[in-house]
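To start, the structure under review is shown below, and the notes come after it.
Throughout, read-outs are computed from the coordinates displayed, never taken from laboratory work. As the structure is a computational prediction, the values presented were derived from the model and not from experiment. Note that we place each Cβ from the backbone using ideal geometry, even for glycine, and neighbour counts take in every protein chain shown.
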Amino acid sequence: MKLITRVEYFTRWGEEIFLRTCGRLVRMEYAEDGIWKAEMDGLRPGQTVEYRYELHSGGLCRRTEWESHTVTVPDNTGLKTAEVKDSWNDVPAELPLHSAPFADGVFSVEPGRQWKAAGTAVPVFSLRSENSFGVGEFSDLKLLADWAAMTGQKIIQLLPVNDTQMTGTWTDSYPYSANSSFALHPQFIHLPAAGVEEDEEYRRLKDELESLPQEDYEKVNDWKHRLLRKAFDRTGKTVLASGGYREFVRKNESWLLPYAAYCVLRDEFGTPDFSAWKRPAGPDCPEAEDFSVYDEAQVSDFIAARRDETDYYCFVQYHLHLQLSEARDYARSKGVIFKGDLPIGVSPVSADAWVNRKLFNMDSQAGAPPDAFSTEGQVWCLPTYNWDEMSKDGYAWWKARLRKMAEYFDAFRIDHILGFFRIWEIPLGEKSGLMGHFNPALPYSAGELASMGFEIPCAGQTDPCDVLFVEDPHRKGWWHPRIAAQYTSAYAMLDESLKRTFDRLYDDFFYHRHNAFWKESAMRKLSALLSSTGMLVCGEDLGMIPACVSEVMGEYQILSLEIQRMSKDPSKEFADPAQYPYYSVCTTSTHDMAPLRAWWEEDRKVTGDFWREVLHGQGDVPYFCEPWICREIVRRHLDSSSMLTILPLQDWLSMDGELRFRDPAGERINVPAIPRYYWRYRMHLTLEKLISCAEFNGLIKEMIKTSGR
């Protein structure tokens, strides 16, 4: 059967309309009066077709629809042709103000007044309460919501909460390398609510773990697993027979059952590396087994044979789901929402990669080029995405991730939003990001470089990294300028004329050459993904930012991230919060940066500049970031023009000389320059104590109210 679609769009000279469906691009034919027509052949009666229209010129997509169209072909065997007339779907006006928290009535917009809000950013594992067990738990979020509500805050921003357990060591504390993009981390479970008895052993362990200044990741997770296993043995049958549990499994079985099998196989083989999940036939194994490649029928049989073990992991996920859902509902009842974090990558040895291997490029690793956080860039040891393969089913895997996330969060931050435009791809085995390249990209041919006077490979004498260009691994004979090449001896050996030529080429390559190309790359993905969720969307757009990023974020009304000490204007050392765009999130620091007080002590020259240029201070620069300085900085951020001001908990506490932690360096969550950093920071006071600090809480409430948030 043939489906004919028509859409009205008045193009300019050189522009064409295309239809995209299931990874295919169909050129449309101009009919008349602004109407464009496309034909799709070979469709089955009753088949559902999803598609969207794109505007092209110069061989690139310049604009795409916000939402796709879905049409079901008439189930009429006698009909050979069906027709439909569409309207172009634009991005809705004021999209952020129609997102889930507004649509569901948690927030409301007063006529004639610009809506703004304040909030707190803190990882769940950093929370501390009188009931926690050596680590922050989902139940602690209810206390945090109480504190937020009493101080006039509306948003609690969290780090990723997915399960990261792979090695059983503290290296699993890194929250951006999950073993599943859907499963929640068992460390966040409140044990008594999952059936663990509060006996003498429980109380002894709780007191021991809570006496530690930081989380002991290994000990906490080991004991939680042991106690949960006992609870499962005692209460599992009752829970598994309940209607709530059965409904949870029914809704989540597509990821839950493979995840449970993954966990059991990881435990049995002693490794998350599924390529090693093989057993030869022997006394304990009558037949050879090979689970290295996911096979749905084989895994189904495995689950049936290991029912007790796999049911245990489903049991834990069910309780985690109940507890986070309960915390979310409680916070919403207080007028507070949770803002989640969407990691850009997944682990190469995750359940996601095992089940959906074709969606990932397993022969490379993602990372970041050098920036203010790390002079040698970052290597994340995460595979890059096979976007072409993902597009074939309309990015179903991504949409499933977002649907799951929306069960718990009303807003989310896209970690490294640049990854949707291009990713920094690094060869396997490289320990730094210096030899990476952008993918996708438009590298130079050897002939082009020769015409400019460069001899390939333009290398130094001994160091293989001492080069001006790196070869594209996917296209031999094509070359990318090496990031930070100006610091190599290969660059130093160039004459002044060639240095100027290289500098122009370098600047064009990293800041101009790819703008339209990367814009096209991002629009296709982001429009399909973001239109599938009602969550309020924010993007982490720090670092080396090409112009196309702000263009796409502006078109799709994605809130940007603004940090005063990381000015996006290269002519200014510090940004001015009063000049931030309305659709933005204003903050003093992130989990990858030193909190306010530690930053003040890092670089005395920078501190001096800030003291004189921003705070207009006179005389000697205060050695420490005194409470009054912190209050002034926080006040300026609250007074910013941003829709959201979300500050790290540490920076809120910095305003009070009695409440704040004695050692500023001890409040750091992560150091990106250290590849295997131990993520274990915890509050030094309990949430109950924080809630009782009437004078401090009154100060925050008054500051937020005065700022109009």
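Observations
- Here the stretch 56-102 is assigned +1 on the Cβ of each Lys and Arg and -1 on the Cβ of each Asp and Glu. Its dipole about the Cα centre then comes out at about 200 debye.
- Net charge, M40 excluded, C-beta distance under 10 Å - Lys, Arg +1, Asp, Glu -1: 0
- Cα-based shape type of the stretch 112-201, given that a ≥ b ≥ c are square roots of the gyration tensor eigenvalues and the cut on a/c is 1.5: oblate
- Residue (of A103, P123, A194) at the positive-pole extreme of the stretch 96-217, dipole from beta-carbon charges: A103
- Positive-end extreme of charge dipole, the stretch 442-511 - chosen from F510, C465, A492 (charges on Cβ): F510
- Cross-linked pairs K116/K334; K116/K399; K154/K701; K399/K568: Cα-Cα separations exceed 19 Å for K116/K399; K399/K568.
- Net dipole in debye of the stretch 442-511 [+1 Lys, Arg Cβ; -1 Asp, Glu Cβ; about Cα centre; nearest 20]: 120 debye
- The stretch 639-677: trypsin sites (Lys or Arg not before Pro) in DSSP loop, at most 11 other beta carbons within 10 Å: R662, R676
- Helix-derived mean residue ellipticity, 222 nm - over the chain, DSSP H n ≥ 4, -39500 (n - 2.57), to 500: -10500 deg cm²/dmol
- Overall, the chain carries a charge dipole of about 1040 debye about its Cα centre when +1 sits on the Cβ of Lys and Arg and -1 on the Cβ of Asp and Glu, all other atoms neutral.
- Rg to Rh, two decimals, where the stretch 8-153 supplies the alpha carbon set and Rh follows Kirkwood: 1.20
- Hull-based mean projected area of the chain, where the convex hull spans the alpha carbons, in square nanometres: 38.0 nm²
- The stretch 85-101 versus the stretch 2-33: alpha-carbon centroid distance in Å: 21 Å
- Label-to-label distance, nm, for residues given as R475 and R62 (7 Å Cα→Cβ offset): 2.3 nm
- Under 28 Å from K278, Cα to Cα: lysines that are on another chain or at least 8 residues apart: K358
- Cα lying deepest toward the dipole's positive end in the chain, options I545, W147, Y174, charges on Cβ: W147
- Charge tally for D90 (other residues, Cβ to Cβ under 15 Å; Lys, Arg +1; Asp, Glu -1): -4.
- Equivalent-ellipsoid semi-axes of the stretch 442-511, from the Cα gyration tensor, Å, largest first: 17, 14, 11
- Contact order, relative form, for the stretch 442-511: 26 percent (alpha carbon pairs under 8 Å, 6 or more residues apart, mean separation divided by residue count).
- Taking a straight line from the alpha carbon of K142, these aspartates and glutamates sit under 14 Å away, with near neighbours fewer than eight places off in the same chain left out: E130, E326, D329, E688.
- Fewest-first sequence of R328, R500, R524 by Cβ atoms within 10 Å of each Cβ: R500, R524, R328
- For the stretch 175-212 versus the stretch 369-436, the inter-centroid distance based on Cα atoms is 29 Å.
- Local charge for F269 was computed over the other residues whose Cβ lies under 14 Å away, with Lys and Arg +1 and Asp and Glu -1, and equals -3.
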